[in-house]
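Chemist: My structure is below; once you've seen it, I'll send some questions.
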Amino acid sequence: MSGTFVGMPAFPEAAREAVADATLRGNLRHATHTIRAKRAAAVAEVSDWAQLREAGRLIKDHTLRRLDHYLVQLEEAVTAAGGTVHWAADADEANRIVTRLVKETGESEVVKVKSMATQEIGLNEALEAEGIRAYETDLAELIVQLGKDRPSHILVPAIHRNRGEIRDVFRSEMGAWGRPAPEGLTDRPAELAEAARLHLREKFLRAKVGISGANFMVAETGTLVVVESEGNGRMCLTLPETLISVVGIEKIVPTWRDLEVFLQTLPRSSTAERMNPYTSMWTGTADGDAGEGDGPRAFHLVLLDNGRTDTLADEVGRQALRCIRCSACLNVCPVYERAGGHAYGSVYPGPIGAILSPQLRGTASEIDTSLPYASSLCGACYDVCPVAIDIPEVLVHLRERVVEGGPVTRAGNRVVLKPAKGHGAERAAMRAARWAFSRPGALRAGQRLASRTRGLHPRTLPGPGRAWSAARDLPTMPAEPFRDWWQRTNGGSAEERTAK
């Protein structure tokens, strides 16, 4: 990845600051509770939801195991349909490819449909450095761009903003980017949407180059799919003469029949709709002479790796690549609800970001070593995931990597990571536990000593342990170890006789 957001601290520090913002917490609480309640109702309508979820998991796992085969099939299909495929190993290469393609058109402006892959690689900044201005056309992305802000949610990037804040951003910033906000703009949703529509319409009609991502790529036909709710995607995909799509290699599905599963689970899990208002599909370039047919005359597909094959090499962590970016895990996560998306220091916030970002970027930075700990391990994220990613399992797996180090794949090479700094006490505690659990006599003696001295035990932990016990009660030590009780009562049989 292109790195963390500039100046971002580790998660605990960033989260502490976010939790102190009462307005942010209120915005997040209202939005996430509303979305997840609607999602639960939409999912309850489907009698075979569990089967669809399992089908999605199996399709994704099958595709990842044969990713090399399906990517070649996709390239052949896209090329046969008139498109051009480019392969990008990392963010820098992807940015160079896209910048060159835009420059070759002679244009200095592009319109974009919401794309997390281009945010991941920092494409807007790379284009700006070359004198090319990128205009975001998704309403929430427009709010973020005008406000010189960062996205904080996968589905609703401006979830941390309320209507009053959005009105103020439109009033003060729209004029510098094009058509200004109407006089007397209020915070009514209809007025805000109309202001955005008028502002963007001139850009849609003027733009010669469009940039998109894709929710899915169908290998058998070379078809790309974007699902959205506003129609801006349809405009970006059909009006410009040149379309450049930047897509992660994991977004591929083998066949149209496989796509059917995800077009049922994605809208219900994301927007709580039975189907998305706009489902746009395109294969290659427009047919016929100039002026005939819809769609671009030139189509370029940039297939992005950027750490994905490294993640694929991890037998536990690779399940993160199943993600279809529905954001259901964010909406049920108690940590995200209180800390918000900016604290994760990545374009991928929430539970999925806590396992995806450290794998795509590695765990060399302070924030990436902290992300696997940005969870209570409650498991709500796994329960709602439409492709059954066991996020708690991957979190624990990555915590072990941070604390113990060990072999991983980086840039295609097998390397051995050193343990991260600041986890010496944790390593010592785990090694002591391993030593004790492998020696029954020592464990029994330790349990008896702990029980007999329970009156001297503190109510809170000292030193670094205060961070744990400040929000939790220490468990009360029993008067007698379980093993001694079992031996004394013969497995509880004496109590059973007394009860009779």
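Chemist: Taking Val110 as the residue in question, decide whether it is outside any helix (DSSP H, G or I), in contact (Cβ under 8 Å) with a residue 12 or more places away in the chain and surrounded by 17 or more Cβ atoms within 10 Å (Cβ to Cβ).
Modeler: When the stated conditions are applied, Val110 passes them.
Chemist: Then there's this: Can you name every residue in segment 383-425 that is open to solvent by less than 70 Å² (accessible area, probe 1.4 Å), assigned to a helix (DSSP H, G or I) and not aliphatic (A, V, I, L, M)?
Modeler: Pro392, His397, Arg399, Arg401, Gly424
Chemist: May I pose another question? Taking segment 324-378, which residues are of a type in the set (A, V, I, L, M, F, W, C), farther than 30 Å from Gly412 by Cβ and open to solvent by 10 Å² or more (accessible area, probe 1.4 Å)?
Modeler: Selection gives Val332, Cys333, Val335, Leu377, Cys378.
Chemist: Select the helices (runs of 4 or more DSSP H) contained entirely in segment 308-382, then report the ones holding at least 1 residues which are under 21 Å from Ile121 (Cβ atoms) and either of a type in the set (A, V, I, L, M) or free of Cβ contacts under 8 Å to residues at least 60 places away in the same chain (or both).
Modeler: So the answer is 308-312, 350-361, 366-370.
Chemist: Hey, among Arg179, Arg188, which residue is touching a helix residue (DSSP H, G or I) at 6+ places or on another chain (Cβ under 7 Å) and among the basic types (Lys, Arg)?
Modeler: Arg179 is the lone residue from the list that is touching a helix residue (DSSP H, G or I) at 6+ places or on another chain (Cβ under 7 Å) and among the basic types (Lys, Arg).
Chemist: Something else now. Return yes or no: is Leu155 assigned to a loop (DSSP other than H, G, I, E, B) and open to solvent by 20 Å² or more (accessible area, probe 1.4 Å)?
Modeler: yes
Chemist: Among Val113, Val102, which is the only one that is in contact with a Cys (Cβ under 6 Å, 6 or more places away or on another chain) and within 24 Å of Arg297 (Cα to Cα)?
Modeler: Just a single option satisfies the conditions, and that option is Val113.
Chemist: Of Ala207, Ala176, which residue is modelled with pLDDT under 95 and either surrounded by fewer than 21 Cβ atoms within 10 Å (Cβ to Cβ) or in contact with a Phe, Trp or Tyr (Cβ under 7 Å, 6 or more places away or on another chain) (or both)?
Modeler: Ala176
Chemist: If you don't mind, another one. Is it the case that Leu155 is free of Cβ contacts under 8 Å to residues at least 40 places away in the same chain and in contact with a Ser or Thr (Cβ under 9 Å, 6 or more places away or on another chain)?
Modeler: Against the criterion (free of Cβ contacts under 8 Å to residues at least 40 places away in the same chain and in contact with a Ser or Thr (Cβ under 9 Å, 6 or more places away or on another chain)), Leu155 does not qualify.
Chemist: Take Gln119 and decide whether it is closer than 22 Å to Arg234 by Cβ, surrounded by 18 or more Cβ atoms within 10 Å (Cβ to Cβ) and without any contact (Cβ under 8 Å) to a residue 60 or more places away in the chain.
Modeler: No; evaluated as a whole, the condition is false for this residue.
Chemist: If you check Met477, Met430, which single one turns out to be in a helix (DSSP H, G or I) and farther than 30 Å from Leu263 by Cβ?
Modeler: Criteria check complete, one pass: Met430.
Chemist: Of all the residues that make up segment 297-332, how many are touching a Cys at 6+ places or on another chain (Cβ under 6 Å) and closer than 18 Å to Gln73 by Cβ?
Modeler: So the answer is 0.
Chemist: Please go through segment 58-95 and pick out each residue that is more than 22 Å from Arg297 (Cα to Cα), open to solvent by 20 Å² or more (accessible area, probe 1.4 Å) and among the aliphatic types (A, V, I, L, M).
Modeler: Matches in segment 58-95: Leu58, Ile59, Val72, Ala89.
Chemist: Just name the residue that is surrounded by the most Cβ atoms within 10 Å (Cβ to Cβ) out of those in segment 33-42 that are under 21 Å from His153 (Cα atoms) and not basic (Lys, Arg).
Modeler: Looking at the filtered set, the residue picked out is Ile35.
Chemist: Go through segment 445-474 and report how many residues are open to solvent by 100 Å² or more (accessible area, probe 1.4 Å), under 17 Å from Ala433 (Cβ atoms) and either at pLDDT 85 or above or in contact with a Pro (Cβ under 9 Å, 6 or more places away or on another chain) (or both).
Modeler: 1
Chemist: Another question about this same structure. If I ask for residues that are part of a loop (DSSP other than H, G, I, E, B) and among the polar types (S, T, N, Q), which ones from segment 158-188 would you list?
Modeler: Within segment 158-188, Asn162, Thr186 meet the criteria.
Chemist: Would you confirm whether any residue within segment 30-51 is more than 19 Å from Ala374 (Cβ to Cβ), among the acidic types (Asp, Glu), part of a helix (DSSP H, G or I) and touching a residue at least 40 places away in the same chain (Cβ under 8 Å)?
Modeler: No, every residue in segment 30-51 fails to be more than 19 Å from Ala374 (Cβ to Cβ), among the acidic types (Asp, Glu), part of a helix (DSSP H, G or I) and touching a residue at least 40 places away in the same chain (Cβ under 8 Å).
Chemist: Kindly evaluate Val98 against the criterion of being in a strand (DSSP E or B), open to solvent by less than 10 Å² (accessible area, probe 1.4 Å), at pLDDT 95 or above and under 15 Å from Gly213 (Cβ atoms).
Modeler: The answer is no for Val98.
Chemist: When you go through (1) surrounded by 23 or more Cβ atoms within 10 Å (Cβ to Cβ); (2) out of contact with any Ser or Thr (no Cβ under 9 Å at 6 or more places or on another chain) one by one for Ala193, which number turns out not to apply?
Modeler: The failed condition is (1).
The values are calculated or read from the model by the stated rules, or taken from the named source; none is laboratory data. None of these values were measured; they are calculated from a predicted model. Neighbour counts run over all protein chains shown; Cβ positions are idealised from the backbone, glycine included. When the accessible area is computed, the model is the full protein with side chains, heavy atoms only, and any ligands, DNA or RNA have been set aside. Shrake-Rupley method; radii C 1.70, N 1.55, O 1.52, S 1.80 Å.
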